[in-house]
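The values are calculated or read from the model by the stated rules, or taken from the named source; none is laboratory data. Given the structure is predicted, the values throughout are model-derived calculations rather than measurements. All Cβ positions, glycine included, derive from the backbone under ideal geometry; neighbour counts span all protein chains shown. All accessible areas refer to the heavy atoms of the entire protein, side chains included, with ligands and DNA or RNA removed. Shrake-Rupley method; radii C 1.70, N 1.55, O 1.52, S 1.80 Å.
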Amino acid sequence: MNAFILAFIIFINLTDRSTEVRKAFYMASESSKANNEFRKLLSGLSSEDPLILGYKGMSEMLVAYHSYNPVTKYLAFARGRDMLEAAIMKDPFNMELRFLRYSVQKNAPGFLLYSSSVLNDKKLLESALKSNELDADLRSRILEFFSKTN
């Protein structure tokens, strides 16, 4: 019984942390200053968790987004891409990671050659939406993104 309670508490804590990180990410996309705060939040979290690693990759890509220097933009994007891909390799059925990659690939300039998973990720996300396996916040964000991009 105690193991069950401990597992439940850990699950609730991880769920709360995931929601907190997700909300901070969306705020980070608004400005370089907000992204710096997001990066500070992430620095205290373990990259062993694939979702955290994925968001660390996204924070690197936001450095690219907010930067003016083309070299900085490319290097930050490449670091972020590699981190996101590593996270997906660790947890290939994590729909949040797939959504992050899908959103980047839908918006990445063609010269970056980062669009090879768009169709596969979209199919997986559509399947997840039909099966109701997503939390309400993530589901809402995916549906909103689909409505704006498709």
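Considering only residues that are assigned to a helix (DSSP H, G or I), charged (D, E, K, R) and either under 16 Å from S18 (Cα atoms) or more than 15 Å from the chain's Cα centre (by Cα) (or both), which ones fall in the stretch 32-75?
Hits for the stretch 32-75 are K33, E37, R39, K40, K56, K73.
List, please: which pairs have Cβ atoms under 7 Å, are six or more places apart or on different chains, and start with a residue in the stretch 82-98 that is within 14 Å of S117 (Cβ to Cβ) and end with one that is open to solvent by 40 Å² or more (accessible area, probe 1.4 Å) and part of a helix (DSSP H, G or I)?
Every condition considered, the pairs that remain are M95/L124; R98/L124.
If you scan the stretch 126-150, which residues turn out to be over 15 Å from the mean Cα position of the chain (by Cα), open to solvent by less than 50 Å² (accessible area, probe 1.4 Å) and closer than 23 Å to R81 by Cβ?
Of everything in the stretch 126-150, those that are over 15 Å from the mean Cα position of the chain (by Cα), open to solvent by less than 50 Å² (accessible area, probe 1.4 Å) and closer than 23 Å to R81 by Cβ turn out to be A128, F146, T149.
Within the stretch 99-125, which residues are part of a helix (DSSP H, G or I), at pLDDT below 95 and more than 15 Å from the chain's Cα centre (by Cα)?
G110, F111, L112
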